[in-house]
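The values are calculated or read from the model by the stated rules, or taken from the named source; none is laboratory data. Here the structure is a predicted model, which is why all the values come from computation and not from measurement. Positions of Cβ are generated from backbone atoms using ideal geometry, with glycine treated the same way; all protein chains shown enter the neighbour counts. SASA here: full protein model, heavy atoms, side chains in, ligands and nucleic acids out. Shrake-Rupley method; radii C 1.70, N 1.55, O 1.52, S 1.80 Å.
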Amino acid sequence: MKPHYSQTFYRAFWFNAGVGLARLLGVKGARRASRVLAEIYRLTHPQTQTAVRENLALLCGPQLREQTVRRTFRNFGATLADYFQLGARDKPHALALIESRRGFEHIQGALADGKGALLVTVHTGLFELGGVLMEEFRLPLVVLSLPEPSAALNRWRTAYRQGWGAETLEIGTDQFSFVNISHQLAQGKCVAMLMDRPHGNGDVVFADFPYGRVPFSTGPVWLSLLTGAPLVPGNILATESGNYAVEALPPLRWQWRGPDRAATVREYTLELANRFREPLCNHPDQWYQFTPLSRLSGQP
């Protein structure tokens, strides 16, 4: 699959520029400017627009309107502006972006097991915003990240998260990644990860959505079963005001069922994916998937 990011703009230089513009323009001004830039990007990148249309069709089917595709790009532009605001402002300004917060007692309850907790979400809203709240609640957070395209961007994003007290753990595909993650959980930390952008076919389960099959990574379930860490699904969505609602759902505590481990993982991954069905189907224009997911499922 092609990279999910722009190979031109996904660089530390432009991320620094984004923070500078966010500081200069303020929240509303930066959102307006970013919506315009996102619209220009949509018009000049027809392949990306096609990919977004294909992905949204999995949720909306024949009811998908072109205005939903356009709105997805504009919403992403505003979200990106807010992402840079987190790097440009102090904590009170960052917290002002959060309109409501619910369910953080579920994370605290999961940590009471003494095995750490896996926080799982999807690419909706400003998912990095959860790190700000984790610091406010004094909950230790480690964010899993694939290697960035450059060492400079790796350093930039690590420093960005450190500003809110969150660590970054770069992972690969070898067993050492599991060892490192297990070590963090054993220390009683929360480990945050995304599950709706799988890498490769070996770790994917396809969930039936209204109009197609959406791929989800089996990684969170494997980690939960192998380490015993509770798994807490969470959602971060933009509201009508333009700010965000953050919600953590009750923890999932699973055990192996029978000798077929792959079947157990598949069953639980589908159950976990179902936790995200409502936010994805109700807010398709906040699902930021820019590569065609149908390629993973073998659809034409």
For the stretch 104-121, enumerate the residues that are touching a residue at least 60 places away in the same chain (Cβ under 8 Å), open to solvent by 10 Å² or more (accessible area, probe 1.4 Å) and not charged (D, E, K, R). PHE104, HIS106, GLY109, LEU111, GLY114, LEU119, THR121
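Specify which of the listed residues (VAL205, VAL179) is farther than 24 Å from PRO92 by Cα and touching a residue at least 24 places away in the same chain (Cβ under 8 Å).
Working: VAL179 fails: touching a residue at least 24 places away in the same chain (Cβ under 8 Å).
Only one candidate passes the filter, namely VAL205.
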First in the stretch 60-71 and at positive phi, second anywhere and open to solvent by less than 80 Å² (accessible area, probe 1.4 Å) and not in a helix (DSSP H, G or I), Cβ under 7 Å, 6 or more apart: GLY61/PRO210
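Are there helices (runs of 4 or more DSSP H) fully within the stretch 122-226 with at least 1 residues that are surrounded by fewer than 16 Cβ atoms within 10 Å (Cβ to Cβ) and at pLDDT 90 or above? List them. It would help to see each step written out before you state the result.
Working: elements: 130-136, 151-162, 175-186.
Filter on the stretch 122-226 gives 151-162, 175-186.
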Scan ARG31, ARG70, ARG42 and give me the residue that is out of contact with any Leu (no Cβ under 7 Å at 6 or more places or on another chain), open to solvent by 30 Å² or more (accessible area, probe 1.4 Å), part of a helix (DSSP H, G or I) and basic (Lys, Arg). ARG70
Is it the case, given these coordinates, that THR218 is over 26 Å from LEU58 (Cβ atoms), touching a helix residue (DSSP H, G or I) at 6+ places or on another chain (Cβ under 7 Å) and not small (Gly, Ala, Ser)? no
Do the conditions hold for SER34, that is, is it among the hydroxyl-bearing types (Ser, Thr, Tyr), in contact (Cβ under 8 Å) with a residue 60 or more places away in the chain and closer than 27 Å to TYR160 by Cα? no
Could you list, in sequence order, all residues of the stretch 77-99 that are part of a helix (DSSP H, G or I) and open to solvent by 70 Å² or more (accessible area, probe 1.4 Å)? PRO92, HIS93
Give, as residue ranges, the helices (runs of 4 or more DSSP H) completely inside the stretch 237-300 that count at least 3 residues that are surrounded by 15 or more Cβ atoms within 10 Å (Cβ to Cβ) and among the hydrophobic types (A, V, I, L, M, F, W, C). 261-274
